[in-house]
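Inspection log for the structure reproduced underneath, given as structure tokens.
The values are calculated or read from the model by the stated rules, or taken from the named source; none is laboratory data. No experiment lies behind these values; they were computed from the predicted model shown. FYI the Cβ positions are ideal-geometry reconstructions off the backbone, even for glycines, and counts take in every protein chain you see. All accessible areas refer to the heavy atoms of the entire protein, side chains included, with ligands and DNA or RNA removed. Shrake-Rupley method; radii C 1.70, N 1.55, O 1.52, S 1.80 Å.
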Amino acid sequence: MIIEIRKAGFVNKGAELMLHSVMQKVQERYPNAVLVMSPTHNKASQPFHKLTKLGFYPKVWLWRYGIQWGDFARYFPKKLREMYGLVLDVDVDVVLDAAGFSYSDQWGSHNSKELARSSKRWRKRGTKVILLPQALGPYQKKEIQPWVKQWAENADLIFARERDSYKHLIDLVGEQEKVKLYPDFTNLVEGTLPANYNSRNKRIALVPNYRMVDKTSKKESEAYLPFMILCARYLLDKGAQPFVLVHEGEKDQMLADKISEAVGGVPIVKETDPLHIKGILGSCDAMIGSRFHGLVSALSQGVPSLATGWSHKYIRLLEDYNFKEGVVSVLDRDEKLYSKIDLLLQPEICDPLKQQLMEKSEQLKQQSEEMWDLVFAEIDKVE
């Protein structure tokens, strides 16, 4: 069996965490399956050397101008394709889409258009198409709606990650048995600490996200960096030992540098392995951040967290863990923000909260296991 994992890459550490999560579950269930991904150039999300290092075979795939140029590789001699480990699109039995957040008005119609056209060809060939739990919608823009309807029709299973996403989709395509609601599945992945990592002076993680600058209103965008600096300064004043964790890329690094510099030089941790990032977050007393999968990594390990985000997914995530009080706004008054941070610092509040988060985490992990049971039941239909 040949199984493709798509839309999970190596630049976004949340996407890479999803990739590891999918790999682990698929290899447990189908140890002899061939896993494939579509490589990109070195500066994009899925460079050839990184996917082959994890044991993936490269799928010949180049979607440009509405044409799948990779199909021309079928004219290469089969022995030549085998020599270089090349897999054709027609050879794939199952496509697992782990996009995270790609099919929405906020990201435009291009991604949905590509999925609509690709899923049409897969459906004709009998290839299973499964959208793993992810954020979907909204779909208010006319140009995206027909493409969403097409990929929804062609998919075998679609998992919305929270109720807003579920509603966005069913409002457009109607309620269907194959459209289901399950939480983010990276809660099942075990984190690991880097060798020689010292957590003694790194107790509360500040995790910035440049999307809070380029995906929010002008007012929120301008307030974000001062907000993060305010958090760092208040934590220092309370002796809480904050540090900045870079979850992704140069722009997050730039925010981290500015936060640290503004408060006199708190530690900055940059880690490229998503499993190490999860391990580091699990070693913390608390987290304040804007990276969705950073928050999932913390909350799923019982680490109390405050979240400020740029889409509905952040609010729903905190609701999933019964900690709605953990949602903060960059526009909140200083006093309100301080009272929220105090929730993380007062043992009489924080200790019961940790227990509550762990109990809820176990429930959500069980739901993720149920989701995988549904996925495997669908894959088992492949002849």
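Tabulated data
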| read-out | value |
| --- | --- |
| Number of positions in segment 133-149 that are of a type outside the set (A, V, I, L, M) and either touching a strand residue (DSSP E or B) at 6+ places or on another chain (Cβ under 7 Å) or buried (at least 19 other Cβ atoms within 10 Å of the Cβ) (or both) | 5 |
| Subset of segment 153-183 that is touching a Gly at 6+ places or on another chain (Cβ under 9 Å) and open to solvent by less than 40 Å² (accessible area, probe 1.4 Å) - its residue that is farthest from Leu318 (Cα to Cα) | Leu172 |
| Checking Leu188 against (1) open to solvent by less than 10 Å² (accessible area, probe 1.4 Å); (2) under 17 Å from the mean Cα position of the chain (by Cα); (3) at pLDDT 95 or above, the condition it does not meet | (1) |
| Exclusive hit being under 18 Å from the mean Cα position of the chain (by Cα), among the small types (Gly, Ala, Ser) and at pLDDT 95 or above, set Ala155, Ala116, Ala135, Ala160 | Ala160 |
| Residue check, Asn12 at negative phi and over 17 Å from the mean Cα position of the chain (by Cα) | no |
| Pick from segment 272-313, criterion open to solvent by 20 Å² or more (accessible area, probe 1.4 Å) and farther than 21 Å from Gly100 by Cα, ranking: farthest from the chain's Cα centre (by Cα) | Asp285 |
| Positions within segment 50-93 being at pLDDT 80 or above, in contact with a strand residue (DSSP E or B) (Cβ under 7 Å, 6 or more places away or on another chain) and exposed (fewer than 14 other Cβ atoms within 10 Å of the Cβ), in sequence order | Gly55 |
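Okay, residues lined up against (1) more than 22 Å from Glu325 (Cβ to Cβ); (2) open to solvent by 40 Å² or more (accessible area, probe 1.4 Å):
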site: Lys238; (1), (2): no, yes
site: Leu255; (1), (2): yes, no
site: Gly264; (1), (2): yes, yes
site: Lys270; (1), (2): yes, yes
